[in-house]
Amino acid sequence: MKSKILDAVGISAAVLCLIHCIVFPLLMIIPLGISHNPYIDLAFLIIGAVVVYRVTKNIASIWLKLLFWASLILILISVLADLIFEIHIPLIYAGAAGLITGHIINFKNHKH
């Protein structure tokens, strides 16, 4: 049951991250005086890392573990590039989509 809750939190965080990553650049077009804050992406990364760590401790499937960690690494690369070099790499979209997919698969594989 605890893993189902973690999957629900993971799906929610990854969807919010994806929405943030898609909508925020569109808001930058409108002159509202807002700027990109990479620390928001870092917060999503930390939440995702904690959830992925806790979920993958109990997963037997190697390919699902690989999907979770590969997706998290894609997000990490994108966030670090933004923090260090101020370059936005779109790997974060693939990482968020991978996390959403992994959590949905893991959620559906639970025995009810």
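Only one residue in Ser35, Ser12, Ser3 is surrounded by 11 or more Cβ atoms within 10 Å (Cβ to Cβ), out of contact with any strand residue (DSSP E or B) (no Cβ under 8 Å at 6 or more places or on another chain), among the hydroxyl-bearing types (Ser, Thr, Tyr) and modelled with pLDDT under 85, so which one is that?
None of the others qualify; the one that does is Ser3.
Which condition from (1) surrounded by 12 or more Cβ atoms within 10 Å (Cβ to Cβ); (2) of a type in the set (S, T, N, Q); (3) without any contact (Cβ under 8 Å) to a residue 40 or more places away in the chain is the one that Asn106 breaks?
It is condition (3) that Asn106 fails.
Out of contact with any helix residue (DSSP H, G or I) (no Cβ under 6 Å at 6 or more places or on another chain) and either touching a residue at least 24 places away in the same chain (Cβ under 8 Å) or not in a helix (DSSP H, G or I) (or both): which single residue out of Ala96, Ala60 fits that description?
The unique qualifying residue is Ala60.
Checking Ile30 against (1) loosely packed, with under 12 Cβ neighbours inside 10 Å; (2) among the β-branched types (Val, Ile, Thr); (3) within 18 Å of Pro90 (Cα to Cα), only one condition comes out false. Which one?
Only one criterion in (1) loosely packed, with under 12 Cβ neighbours inside 10 Å; (2) among the β-branched types (Val, Ile, Thr); (3) within 18 Å of Pro90 (Cα to Cα) is unmet by Ile30, namely (3).
Going through the range 91-112 one residue at a time, which ones are at pLDDT 90 or above and either acidic (Asp, Glu) or over 20 Å from Tyr53 (Cα atoms) (or both)?
Leu91, the sole residue that qualifies.
For the range 45-82: of the residues being farther than 19 Å from Ile5 by Cβ and among the aromatic types (Phe, Trp, Tyr), which is surrounded by the fewest Cβ atoms within 10 Å (Cβ to Cβ)?
That would be Trp63.
Does the range 76-90 include one or more residues that are closer than 17 Å to Val9 by Cβ and part of a helix (DSSP H, G or I)?
Looking for residues that are closer than 17 Å to Val9 by Cβ and part of a helix (DSSP H, G or I), one finds none in the range 76-90, hence no.
The values are calculated or read from the model by the stated rules, or taken from the named source; none is laboratory data. Keep in mind it's a predicted model, so treat the numbers as computed, not measured. Cβ atoms come from the backbone with ideal geometry, glycine included; neighbour counts cover every protein chain shown.
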